[in-house]
Amino acid sequence: QSVALNTWGNKCYKLLVEIPQTNLNITDENGNTALMHSIAHGNNYCSKDLLKRDADVNRKNHKNETALIYAAKKNNASIVAKITEKCTKETVQQEDGQEGGEKRHTALHYAIMQVEPSHQKFPVVAVLTANGALKGAEAKTDKTALQLAKAGGNDKLIEFLFKELGRVNLLLAN
């Protein structure tokens, strides 16, 4: 029942969902699932359907990337929202990369990197922070979420993150 996921497309997707007892969480040689591939290729229909069929949203590939990280890199607010409904807090705070290797980022970091200085709204950042992403965003990365926002020069995003940090600190204090 192995499907060549590195050539992901509608035909492969149809095979996965139409064959009874097909494992939706099979991986390719890089550890990527069908959900990761559909998000990476911008196929919202397949992504949403795989999520409805309980594709594993907490699975990591060989680079420690999750479907949530892929969705944040694509700045896909609707898929980020659907994944955060199903995933663990650990997945929301998951860093990619390997211990001691390249710079490591969370989904929140990637979402912040997608925000242009002129953007007034940033729905992916908002969904992630509402789901606890700020608590883990300072871990082993080279920059904090706030430092990334400052480097991007978006004052509205910086203001938003300050408010969210204040909210998180209040929750932690109580």
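The values are calculated or read from the model by the stated rules, or taken from the named source; none is laboratory data. All values reported here derive from a predicted model rather than from experimental measurement. Keep in mind that these areas ignore ligands, DNA and RNA; they rest on the heavy atoms of the full protein, side chains included. Shrake-Rupley method; radii C 1.70, N 1.55, O 1.52, S 1.80 Å.
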Counting only protein heavy atoms and leaving out ligands, DNA and RNA, the solvent-accessible surface of Ile39 at a 1.4 Å probe, in Å² to the nearest 10, equals 10 Å²
Cross-link reach from Lys73 to lysines, straight Cα distance under 16 Å and at least 8 residues apart if same chain, gives Lys60, Lys63, Lys82, Lys103
Rounded to the nearest 10 Å², the accessible area of Glu29 using a 1.4 Å probe with every protein chain kept is 120 Å²
